[in-house]
Structures are given as C-alpha cells and as structure tokens.
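Bear in mind that the values in this text are calculations on the coordinates, not laboratory data. Keep in mind that this is a model prediction, so the values were computed, not measured. Counting neighbours? That spans all protein chains shown, and the Cβs are built from the backbone with ideal geometry, glycine included.
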Amino acid sequence: MRCSEDSLYNIAWLMGDETHNLYSLATWKNGLPFKKIDLAPAGLPVIKIAELNNGITGSTSYTNGVYSSDVYMTKGDYAFSWSGNPQTSIDIFKYSLPDGWLNQHIFKVTPDESIVDRSFFFFLMKALKPVFSAIATNKQTTGLGHITVADMKRMMVPIPSLNTQRRIATVLGHIQSEIENLNRTNGYLTA
C-alpha cells in the first residue's frame, strides 16, 4: 500500500511540547563496507542485518581489523537497519550480541540525551516502524527499500518533555519485560 508523502513525514499522532526532525535526535553512524580482504577465520564478528535478526551463526563473518570506535558495537548500543526488505529488515535493535564491528546499511544510533531519553527514543523508533516500512516501500526497487538521512531530516516528530518521556519509557519498559517473560514461559511450555 502506498501512502502520501505528507502522512509519512509529518507524524501527527504523537503529542509533544516541541517538534524535532528525527535525525536531530541522535548521532547516526553508518557501518563499514567490509571486503573479503578485511575478513578472517576468527576475531570479532561483523554485524550485518542477518546477525541483528538471527544472532551469531555459522554464516557470520569475522575480522581481526581495528576500526573507528563509532562503528564498534557492544551490549546496549542501538542499531538501525535502514536498507533491505521494508517489512522484515528495516528496524531498530537494542544490541545484545558479543562485541563486534558494524557492517554497512546499518546505523549505530546514539540518542542526544539532552533532547530525548534513551529508552523513549528506542520505543519511538519501534513505533515509527510502520512509517519506515511505508517510506521504504514507496522507494522500493528490486525488492529492497531504504530510509535515507534526507528522509529522517524530513520526518518531524513531536517530543514531550524529558520527564514525560521517562514516564512513558518506564511504562513501556514494564510492558516489554512482561511480553519477554511470557514469550520465555511459552517457549518452555512448547519445548
């Protein structure tokens, strides 16, 4: 389904004290375009969209290289995959894998905590997933879509005060924890 550009870039369903373009809420660092020469049989994993979705597997690549710290991923960092299948690849992830190096087509995202609470930012990005999917679908070629920096600069989001953000993030964090606990329990029951 195609959506109008106005409805994709003006996020009117959120209430806030101020409106910011999405890009201004964080630092966005794209991963590296690793080549075969950069890869090794061991070392740190190269984190691609497949690893964000499925974890470290037998298909994971490794490198012994040392790169800029702004593409080094460690537990708790945020990663935003901005290219791929609009319904399955484009998403925000809270990194929970072993430390590694970020591959291209993924931004390491560091929220500007003077504007936006870190946890609130994560839930905001999750809430925007249908918008990201629609934008990427509108630009889809050969089955792949993408979200660009220009898209994020055009996307205006109302942001409540930091205190309100923290309260919202606390409530959503509790709900997320309950869902994760239920999923774990369900996994034990079906095993």
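Quick check: the angle from helix 162-190's long axis to the longest principal axis of the chain, C-alpha only, nearest 10 degrees?
50
Can you give the helix-only mean residue ellipticity at 222 nm for the chain, where every DSSP H stretch with n ≥ 4 adds -39500 (n - 2.57) and the sum goes over all residues, rounded to the nearest 500 deg cm²/dmol?
Calculated at 222 nm, the ellipticity per residue is -10500 deg cm²/dmol.
Output the Cα-based Rg and Dmax of region 63-131 in Å, rounding Rg to one decimal and Dmax to a whole number.
Here Rg and the maximum Cα pair distance are 12.7, 37 Å.
Looking at the chain, how many pairs of lysines come closer than 18 Å at the Cα, when each pair is eight or more places apart or spans two chains?
Eligible lysine pairs with Cα atoms under 18 Å apart amount to 22.
For the Cα atoms of the chain, what angle does the longest principal axis make with the long axis of helix 129-138, in degrees from 0 to 90, nearest 10?
80
Projecting each Cα onto the charge dipole of the chain (Lys/Arg +1, Asp/Glu -1 at the beta carbon, about the Cα centre), which of Ala40, Ile175, Phe121 comes out farthest on the positive side?
Ranked along the dipole, the leading option is Ala40.
What size of dipole, in debye to the nearest 20, comes out for region 104-190 about its Cα centre when the only charges are +1 on Lys and Arg C-beta atoms and -1 on Asp and Glu C-beta atoms?
Rounded to the nearest 20 debye, it is 160 debye.
Can you give the extra length, in nm with one decimal, that the chain gains between Ile56 and Thr170 once fully stretched, where that is 0.36 nm per residue apart less the Cα-Cα distance?
Going from the current span to full extension adds 38.1 nm.
With r defined as the distance between the Cβ atoms of Tyr67 and Ser161 and R0 fixed at 25 Å, what FRET efficiency is calculated, to the nearest 0.05?
Once rounded, the FRET efficiency stands at 0.10.
Send over the semi-axes of the chain's equivalent ellipsoid, whole angstrom and largest first, taken as the square roots of 5 times the C-alpha gyration tensor eigenvalues.
28, 21, 18
Can you tell which of Val149, Asn163, Ile49 lies farthest toward the positive end of the dipole of the chain, using +1 and -1 charges on the Cβ of basic and acidic side chains (Lys, Arg; Asp, Glu)?
After comparing all options, I get Ile49.
In debye to the nearest 20, how big a dipole does the chain give about its Cα centre with +1 on each Lys and Arg Cβ and -1 on each Asp and Glu Cβ?
340
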